[in-house]
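A.B. asks: Have a look at the structure that comes next, please.
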Amino acid sequence: MSHTTHAKRRQRVLDSLGDGVAVLATTPERLRNRDSHYPYRFDSYFWYLSGFAEPDAVMVLVGGESAKAILFCREKNEERETWDGFRYGPDAAAAAFGFCEAHPIGLLDDMLPKLIANRAALWHSLGHDSEWDRRITSALNTVRTQGRSGTRAPGEIRDLRGLLDQMRLIKDGHEIELMRRAADIASAGHSRAMRACQPGMAEYELEAELSYEFRRRGADGHAYTPIVAGGANACILHYVDNNKLLASQSLVLIDAGCEVAGYASDITRTFPVSGRFSAAQREVYEIVLAAQQAAIAAVRPGASFAAYHQAALRVLSQGLIDLKLLSGSVDGAIESEAYKPWYMHRTGHWLGLDVHDAGEYKTGSADDDWVRLLPGMTLTVEPGLYLRPGSAVPEHLHGIGVRIEDDVLVTSDGCLTYTNAPRTIAEIEEVMRHE
């Protein structure tokens, strides 16, 4: 992505600040255990405005007539670079990423009170990080001690994330291309897992197939901890143990996506370990697939975010009635939420730099105050049915868990499905045919 894109985003924020100042830090490095760190991943908001991937970095956006964007980052250090790799340093970072100026991160606490002094408002990610709340409070208190000399502290503290959330909801052309690439790579990973699947394999072997295909095609890695759930494990929504053997008569549900330049894909596919759906598995799968098709058809500009969930609910509720798990009418099942023992989550979420991406879903507290879809919004469509073994479920349906999830872009005249892994029963069985 061109860093001109990040500079334009910073300018949009600067134009919204008035005489205010915004402070935004990236994610710190975190220890996994003893002296081993978790793999570093930058803060999504910080990356959105900077494109700068190093830890120990902060940006300050100063609004007003002399608006400017300032970066604080690590200094060049040849010894540390020998151990940890390349660092830009302030001078090179300012030039490469289009900041007006840059300074060593060690100067931030001394400079911050001067940067926020006499400003009308301070924009900050309130409550996101207690350490940063403390540092911001310390800077404010330093300014307040200068009141007798005529220096004013900002009179208003505002949440920067609210402003950025609105920006991040609408993806630009650069973001769309990255998300399309992430979707293509993840789709290839799911296809690979289908081709590799054999009865008796362990769930983690399919996870390894995904990981290999993601990295082989240039993804940064998994966008989230993958779910590879065989049999009744698919009825555990956040199952991540991925350590059981796959029985020949069962389905396996894989929920996995990759990350490309920070942008996520999010795909779920459910397929038979043997390569052929049984009659019961086929019946449940077709219900979920029909629900997804109805939901995708409801994604269009001007539609409520809730509309595609309602479209899926109608199909799923009718399917549960057909399976004899519910009785009565579809409207009655939806009104009473009788479907919830078998479908307990919503049909999708925003997608972008975060798997559950930034952005509000409602504009108010009323039932119909859902966000209206606009071109450039990207979301997932992921209905499912989870038939856990129990007295309410006929034995031939025990342990069948099905979810089908794809990534969808709202366009000017409807929507575009990014993801292209095999989805119909015919497509899945064809890919899995071992001859």
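A.B. asks: Dipole of the chain, Cα-centred, from +1 at each Lys and Arg C-beta and -1 at each Asp and Glu C-beta, to the nearest 20 debye?
C.D. replies: Value, rounded to 20: 460 debye.
A.B. asks: Let me ask you something else. What is the extension gain from LYS68 to GLU427, computed as 0.36 nm multiplied by their sequence separation minus the C-alpha to C-alpha distance, in nm to one decimal?
C.D. replies: 123.9 nm
A.B. asks: Mind checking which helices in the chain clear 15 Å along their axis (Cα) and have mean Kyte-Doolittle hydropathy of 0.0 or more, DSSP H runs only?
C.D. replies: 279-297, 307-322
A.B. asks: Still on this structure, I have one more. Show me the ranking of peptides 104-111, 74-81 by mean Cβ neighbours inside 10 Å, starting with the highest. Intermediate values should be presented prior to the final figure.
C.D. replies: Values: 104-111: 14.4, 74-81: 12.8.
My ranking of the peptides, most packed first, is 104-111, 74-81.
A.B. asks: May I ask which residue of GLN249, TYR285, PHE271 lies farthest towards the positive end of the charge dipole of segment 208-289, with charges of +1 (Lys, Arg) and -1 (Asp, Glu) on Cβ and the Cα centre as origin?
C.D. replies: Checked the options; the winner is GLN249.
A.B. asks: May I ask for the net charge around SER138, where only other residues with Cβ less than 12 Å from the Cβ of SER138 are counted and Lys, Arg are +1 while Asp, Glu are -1? Don't skip to the answer; put the middle values down first.
C.D. replies: Numbers: positive: ARG134, ARG135, ARG144; negative: ASP109, ASP110, GLU131, ASP133.
Once positives and negatives cancel, what remains is -1.
A.B. asks: When we measure straight from the Cα of LYS244, which lysines land under 30 angstrom away, once same-chain ones fewer than 8 places off are left out?
C.D. replies: Those lysines meeting the cut-off are LYS340.
A.B. asks: Over segment 313-361, average the accessible area per residue using a 1.4 Å probe and give it in Å², no decimals.
C.D. replies: Each residue of segment 313-361 exposes 45 Å² on average to a 1.4 Å probe.
A.B. asks: Compute the length gained on full extension between THR27 and GLU75: take 0.36 nm times their separation in residues and subtract their Cα-Cα distance, giving the result in nm to one decimal.
C.D. replies: Answer, rounded to one decimal: 15.5 nm.
A.B. asks: Right, here's the next one. Going by average Cβ neighbours within 10 Å, how do the peptides 236-243, 374-381 rank, with the highest at the top?
C.D. replies: Descending packing order for the listed peptides: 374-381, 236-243.
A.B. asks: Next question, about the same structure. Once R0 is set to 45 Å, what does the formula 1/(1 + (r/R0)^6) return for the Cβ-Cβ distance between LEU245 and SER329, expressed as a FRET efficiency to the nearest 0.05?
C.D. replies: 0.60
A.B. asks: Can you send over the carbon and sulfur percentage of the accessible area for the chain, probe radius 1.4 Å, protein chains only?
C.D. replies: Answer for the chain: carbon and sulfur cover 48 percent of the accessible area.
A.B. asks: I would also like to ask the following. Enumerate the calculated ³J(HN,Hα) couplings along segment 381-389 in order (Karplus 6.51 cos²θ - 1.76 cosθ + 1.60, θ = phi - 60°), each rounded to whole Hz, writing x wherever the residue is Gly or Pro.
C.D. replies: Residue by residue, segment 381-389 yields 10, 9, x, x, 9, 10, 9, 5, x Hz.
A.B. asks: Give me the dipole magnitude in Debye, nearest 20, for segment 241-375 about the Cα centre, with unit charges on the beta carbon: positive for Lys and Arg, negative for Asp and Glu. Let's see the in-between values first.
C.D. replies: On the way: 11 positive and 16 negative charges, 99 e Å.
Computed about the Cα centre, the dipole is about 480 debye.
A.B. asks: Another question, if that's okay. List, in order, the whole-Hz ³J(HN,Hα) value for each residue of segment 18-33 obtained from phi through the Karplus relation with A = 6.51, B = -1.76, C = 1.60 and θ = phi - 60°; use x for Gly and Pro.
C.D. replies: x, 8, x, 9, 10, 10, 9, 10, 8, 6, x, 5, 10, 6, 8, 6
A.B. asks: Straight-line reach from LYS114: which lysines have Cα under 16 Å away, leaving out those fewer than 8 places along the same chain?
C.D. replies: Candidates past the 8-residue exclusion: LYS68.
A.B. asks: What ranking do 290-302, 4-16, 48-60 get when scored by the average of other Cβ atoms within 10 Å per residue, highest first? Show your work: numbers first, answer last.
C.D. replies: On the way: 290-302: 19.6, 4-16: 16.3, 48-60: 21.2.
Result, highest mean first: 48-60, 290-302, 4-16.
A.B. asks: Then there's this: Diagonalise the Cα gyration tensor of segment 1-136 and give the resulting equivalent ellipsoid semi-axes, square root of 5 times each eigenvalue, largest first, whole Å.
C.D. replies: Numbers: eigenvalues 125, 61, 40 Å².
Its equivalent ellipsoid spans semi-axes of 25, 17, 14 Å.
A.B. asks: Let me ask another. At 7 Å along the Cα-to-beta-carbon direction for both GLN166 and ASN420, put a label point, then send me their distance in nm to one decimal.
C.D. replies: Inter-label distance under the simple model: 3.7 nm.
A.B. asks: Between ARG195 and THR4, how many nm apart are label points set 7 Å from Cα along the C-beta direction?
C.D. replies: Spacing of the two 7 Å Cα→Cβ label points: 3.9 nm.
A.B. asks: A further question follows. Taking θ = phi - 60°, what integer Hz values does the Karplus form 6.51 cos²θ - 1.76 cosθ + 1.60 yield along segment 122-127, in sequence order, with x for Gly and Pro?
C.D. replies: In residue order, the calculated couplings are 10, 9, 7, 7, 4, x Hz.
A.B. asks: Another question about this same structure. Where does the chain land on Rg(C-alpha)/(2.2 N^0.38 Å)?
C.D. replies: Normalised by 2.2 N^0.38 Å, the Cα Rg of the chain equals 1.12.
The values are calculated or read from the model by the stated rules, or taken from the named source; none is laboratory data. Predicted model, so just to flag it, every value in this text is computed and none were measured. Here the Cβ is made from the backbone with ideal geometry for all residues, glycine too, and neighbour counts use every protein chain on show. Please note that ligands, DNA and RNA were not included when accessible areas were found on the heavy atoms of the full protein model with its side chains. Shrake-Rupley method; radii C 1.70, N 1.55, O 1.52, S 1.80 Å.
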